Amino acid sequence: MLVSKLPSVGTTIFTRMSQLAAEVGALNLSQGFPDFPSPQPLLDAAVRHLQAGHNQYAPMTGLPRLREAVATKVAALYGRSVSADTEVTIVPGATEAIFCAVQALIRAGDEAIVLDPCYDSYEPAVELAGGRCVHVPLNLPDFSVDWQRLSDAINERTRLIFINSPHNPSGALLSRADLDQLAALIRDRDIYLISDEVYEHLVFDGASHASVLAHDELYARAFVVSSFGKTYHVTGWKTGYVVAPPALTAELRKVHQFVTFVAVTPLQHALADFMVEHPEHIAELPAFYQAKRDLFCDQLAGSRFAFTRTPGTYFQIVDYSAIRPDLDDVAMAEWLTREQGVAAIPVSVFYQQPPAGMRLVRFCFAKREETLLAAGAKLCAI
C-alpha cells in the first residue's frame, strides 16, 4: 500500500472555494487572480511570438533578454547590480521557484522557520526535502514579527527562514528596520532566506517596498522570488523569476532543470517585449490597485465587518465577529459563498495552529469595478 509523503495535505482551500463559487454562482473574491483583462500590448506580443515560431525550448535559465530586463529592473528599483547570466533565473511560477530553492537548501533533519499565517506551499516543499517546519506566529492584529519568538525558534538545526512581504494573507509590510533586525539575528549562523516578494509592486499609501535585494547582508544568503503573473495581471501564465547570488543560483538551477527544465518560451518573449516597451506599468501599479482597495473598502465601510485597510497585496482581511461569531472562519467562508453570494478565504488555513476565536476572512480585490461594487452591496446587506 502506498504511504503518502504528504499525509496531511489535501486539495487546497483556494481550489475548493473557487469550485464552490462556480457551483453556486457566487462572486469569487477568494482566489487571488484578476477578473479584468491583461494589458493588450502584452497579449499582442504573446500572439506575435507564437505566430513567429518561438515555440521550442528556451535556455534552461530563461531567455537572455528577459533576464537582462529583470536585471535592469532590479538595478533601477533596488540599486543592486546583478548578473543576468549568473544571478537571474526565469521559472514557471513562484511556487516552483520556492520548491526548487527549498530542495537546494534543505537536507534530512534540517528545520525551516515559517511565520504564520503563511502561504500553503512552503511546508510541503520542506517536508518533501526531508526537513520540518517550525511555525512562529506573527503578532496580531498588525501581523508584525515577534522577534523574541523568532530568536527563540532558532537552533543548530535551523537552515532556512521564509519571509514574505508584502504579506499574504494580511498585506503587512516588512520595513528596512525589520530586515536589519533579521540580519542581526542570523549574522553568525549558517541560515539562508527565501524572500517571497511576489507582491513587490502592490504597496500603498506612499510606502516603499523594503526588498531583500536592497539589503547587502541579507541578499548574500537569499533567494528572492518574484512573479510576472502578479505584476502583469497574467496569473495563468505561471511565469516568475528568482534573483540570488551566483553560488545559490547555481544550486537552484541544478534542481530547476529536473523539475520543469524551462519556462514557456513565447510568454518569455512577450514579457521581455512588454518590460522594455512599457516600463510605466510597474510605476502605475500601486495607484491602480490602491484605487481598487479604496473602492472595495469604501463599500465595506457601510457593513458590519471590521477592518483596517491593507497596506499591500490585493487582499483585504476583515473581522466578522459582529456578524456570525458562532461560525469558525471556514464555516463563515462557506456561508458567505453559499448564502450571501461572495466567496472568501478563511485566514485560519494559513496557520499550523490558528489563534483561538479567530474570526477573519480574506477577500481579493483584484477585480473589475462592477465586481467590487456588486460584492460590496451583498456584504453590506448582511
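Limited to the range 195-222, what total is found for residues that are among the small types (Gly, Ala, Ser) and in a loop (DSSP other than H, G, I, E, B)? The qualifying residues number 6. The single condition among (1) closer than 20 Å to residue 348 by Cα; (2) without any contact (Cβ under 8 Å) to a residue 12 or more places away in the chain that residue 122 does not meet is (2).
One residue stands out in the range 327-382 among those that are assigned to a strand (DSSP E or B) and touching a helix residue (DSSP H, G or I) at 6+ places or on another chain (Cβ under 8 Å): the one that is farthest from residue 199 (Cα to Cα), namely 342. Determine if the range 264-276 includes at least one residue that is crowded, with 21+ Cβ neighbours inside 10 Å and not in a helix (DSSP H, G or I). Looking for residues that are crowded, with 21+ Cβ neighbours inside 10 Å and not in a helix (DSSP H, G or I), one finds none in the range 264-276, hence no. Annotation for the range 166-181: no member residue is over 22 Å from the mean Cα position of the chain (by Cα) and either closer than 26 Å to residue 108 by Cβ or buried (at least 22 other Cβ atoms within 10 Å of the Cβ) (or both). Within the bounds of the range 87-101, is there any residue that is part of a loop (DSSP other than H, G, I, E, B), farther than 21 Å from residue 246 by Cβ and touching a strand residue (DSSP E or B) at 6+ places or on another chain (Cβ under 8 Å)? Yes, there is a match, as at least one residue in the range 87-101 is part of a loop (DSSP other than H, G, I, E, B), farther than 21 Å from residue 246 by Cβ and touching a strand residue (DSSP E or B) at 6+ places or on another chain (Cβ under 8 Å).
Among the residues of the range 37-50, count how many are in a helix (DSSP H, G or I) and surrounded by 17 or more Cβ atoms within 10 Å (Cβ to Cβ).
As a first pass, look at the range 37-50 and keep what is in a helix (DSSP H, G or I): 40-50.
Now drop any that are not surrounded by 17 or more Cβ atoms within 10 Å (Cβ to Cβ), which leaves 42, 45-46, 49.
Qualifying residue count for the region: 4.
Yes or no: residue 145 surrounded by 22 or more Cβ atoms within 10 Å (Cβ to Cβ) and of a type in the set (Val, Ile, Thr)? Judged against the criteria, residue 145 is not a match.
When 32, 53 are checked against the criterion of being of a type outside the set (D, E, K, R) and loosely packed, with under 11 Cβ neighbours inside 10 Å, a single residue qualifies: 53. As for the range 149-158, it holds at least one residue that is of a type outside the set (D, E, K, R), farther than 23 Å from residue 247 by Cα and in contact with a strand residue (DSSP E or B) (Cβ under 6 Å, 6 or more places away or on another chain).
Read-outs throughout are calculated quantities, based only on the coordinates presented, and are distinct from any laboratory measurement. Bear in mind that the values here come from a model prediction, so they are computed numbers and not experimental data. For neighbour counting, all protein chains shown are included, and Cβ atoms are generated from backbone atoms with ideal geometry for every residue, glycine included.
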